[in-house]
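The structure appears below as structure tokens.
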Amino acid sequence: CYLLTQISLPCGKLFVNKNDEAFILFYKQQYSKLCGYAINCGVNVESAQDIVQELFAKLYSKPFLIKNADTLQSFLFTSVRNATVNWLTYSSRNENVQNMEIFNFDYTVEITDVEDAEERKVLKEKVDKVLRLLTPRQKEMIYLRFLHEMEYEEVAGIMGLSEQAARNLTYRAIKKIRKEYK
């Protein structure tokens, strides 16, 4: 396939014209490069992934943002760099919030099958152990999404994320839990 053998630029030009297959291929070709660049700019791996995924979600929904398909590569790297700078600026302004060691939330074990106080205590300890695996943002996501049963769109608005980033954050949290507790 011509698209598979060429550098990513032809795919980029095609996805600007709403070619979904080209968009997917272009995304796969660019993803790790752009994440690596974001990491080199000073963000952690998860933030880099979120930045790149948000960029592509935005480009998919608004391809008209790309003014010139010939400069697509520089557009992507510039966009990642700007998003990284914004993320770092936001992080430093909100250091107290972003660097919270723990995102605490109260919950109770309300399962009717668990009658014994000792069983409830053991179950609560298991939940606490799972929650300690997660980053503060992942805990907040789980809290809003599952304990308050909010839709991704609502949670994204609260946390200042795109809907796709909210989904990605949830996915990573669940993946981390599953990996630990196979």
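Quick note: the coordinates plus some simple rules give every number you see, no bench work behind them. Just so it is clear, the structure is predicted and the values come from calculations on it, not from any experiment. FYI the Cβ positions are ideal-geometry reconstructions off the backbone, even for glycines, and counts take in every protein chain you see.
Starting from the Cα of Lys179, draw a straight line to each of the lysines and keep only those under 29 Å, dropping any in the same chain fewer than 8 residues away. Straight-distance partners of Lys179: Lys28, Lys33, Lys121, Lys124, Lys126, Lys129, Lys139. If only the Cβ of Lys and Arg carry +1 and only the Cβ of Asp and Glu carry -1, the dipole of segment 39-85 around its Cα centre is close to 200 debye. Each residue of segment 19-33 was assigned a 3J(HN,Hα) from its phi angle through the Karplus expression (A = 6.51, B = -1.76, C = 1.60, θ = phi - 60°), giving 8, 5, 5, 5, 4, 4, 5, 4, 4, 4, 6, 8, 3, 5, 5 Hz with x at Gly and Pro. Label-to-label distance for Lys33 and Val130 is 4.0 nm, based on points extended 7 Å past Cα in the beta-carbon direction.
The phi torsions of segment 133-143, fed into the Karplus equation with coefficients 6.51, -1.76 and 1.60 and a -60° offset, translate into couplings of 6, 8, 6, x, 5, 5, 4, 4, 4, 4, 4 Hz, rounded to whole numbers, with Gly and Pro shown as x.
Between Leu123 and Lys175, the C-beta separation translates, for a Förster distance of 35 Å, into a calculated FRET efficiency of about 0.95.
Note on segment 118-182: Kirkwood hydrodynamic radius from all Cα pairs is 12.4 Å, rounded to one decimal. Site pair Asn40 and Ser91 shows an inter-label distance of 1.8 nm when each label is modelled 7 Å from Cα along Cα→Cβ.
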